[in-house]
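What follows is a set of notes on a single structure, which appears directly below.
FYI, it's all coordinate maths here, none of it is from the lab. These numbers come from a predicted model, not from an experiment. In this analysis, Cβ positions are derived from the backbone assuming ideal geometry, glycine residues included, and neighbour counts consider all displayed protein chains.
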Amino acid sequence: MNAPEPRPVLPLAARLPGRESTVVAVGDVRFGAEKVVLIGGPCAVEDRDLMLAIARTVAGAGGAMLRGGAWKPRTSPYDFQGLGAEGLEMLVAARRATGLPVVTEVLDPRDVATVAESADMLQIGSRSVQNFPLLREAGASGRPVLLKRGMMTTLDEWLNAAEYVLAAGGNDLVLCERGIRTFESALRNTLDVGAIAVLKERTHLPVIVDPSHAAGVAKHVTALARAAVAAGADGLLVETHTDSAAALSDAAQALSPEAFAALADECRAVARAVGRDL
């Protein structure tokens, strides 16, 4: 009797022969299609009027989705941790005013259902990439999931994390490269542009890039964003703030409205050069 065929290590995430690339829909937004998706917003939700102003900035620049952290994982327990449920309500209000679908991070498996009731997409942040109970809950939530790479996570570890989400039923999954920790300290993290090409070969899932956390400083964000689009990224996750100097989280890397609009224009030109749009 012949031995059974070995089961693929990543039966759900791997690009197996004949498997077409997955397109993930979040409302009318489609990750992995011809158009590069631009997501913008503040690191953290801070104030209702401010959130509305930033959302209008994102929409005015051609952004397709709104980001903002209601719950914030911070290195220090004394830093701003987000507004929680109140911040989630502010994101919903901004969506109502602009029509932009909302993606926000969930930190605790116990909060997944609450966040999924309001957000259009759940983000699993870099610090949570191997929080397996959270991955399972997010996968079972019925919402699309944005899975960030951990700051010291290999591609194999990252794809196995994706497998947890997929195995729990979360078929709509987008991967987000956000830079990894290396010996180089010139920028906050080292953007692994090559990971985009490798993932396109190894998985059928859409891949986007967060140039803000990779750069750590606003003046270098646009250059990394252009590189990501040129390398084949399906989207960009960019931090912008109407008063970045006063931002309560990641102020140094937040783009002004003018800089965000310029990034959109420059990346749109790059997208067209490689046969896409933004």
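Worth a mention:
- For the chain, the mean residue ellipticity at 222 nm estimated from helices alone is -10500 deg cm²/dmol, where every DSSP H run of n ≥ 4 contributes -39500 (n - 2.57) and the total is divided by all residues, rounded to the nearest 500.
- Rg over Rh for region 93-167 works out to 1.00, both radii taken from alpha-carbon positions and Rh defined as the Kirkwood radius.
- Along the chain, the longest continuous region that contains none of the GluC sites (Glu not before Pro) in a DSSP loop with at most 11 other C-beta atoms within 10 Å is 35-183.
- Point-charge dipole on Cβ atoms (K/R +1, D/E -1) for the chain, about Cα centre, debye to 20: 420
- Theoretical gain in end-to-end length, A252 to E157 [0.36 nm per residue, Cα-Cα removed]: 31.2 nm
- Here region 146-184 is scanned for amide nitrogen atoms under 12 Å from the site 7 Å beyond the Cα of V198 along Cα-to-Cβ, giving 153-159, 180.
- Two-decimal Rg to Rh for region 24-273 - Kirkwood Rh, Cα set: 0.92
- Looking at region 1-83, the trypsin sites (Lys or Arg not before Pro) that sit in a DSSP loop and have at most 10 other Cβ atoms within 10 Å of their own Cβ are R19.
- Ranked by how many other Cβ atoms sit within 10 Å of their own Cβ, fewest first, the residues V24, V58 fall in the order V24, V58.
- When Rg and the Kirkwood radius Rh are both evaluated on Cα atoms of region 1-91, their ratio Rg/Rh stands at 1.21.
- Highest GNM mean-square fluctuation among A218, A168, A138, for the chain modelled with Cα contacts below 10 Å: A168.
- Counting 0.36 nm for each residue step from V217 to E20 and taking away their Cα separation leaves a gain of 67.2 nm.
- Relative contact order for region 81-174: 24 percent, from Cα pairs under 8 Å spaced at least 6 residues apart, divided by residue count.
- On full extension, the segment bounded by R110 and D79 gains 8.9 nm, given 0.36 nm per residue less the C-alpha separation.
- Relative contact order of the chain, pairs being alpha-carbon contacts under 8 Å that are 6 or more residues apart, as %: 20
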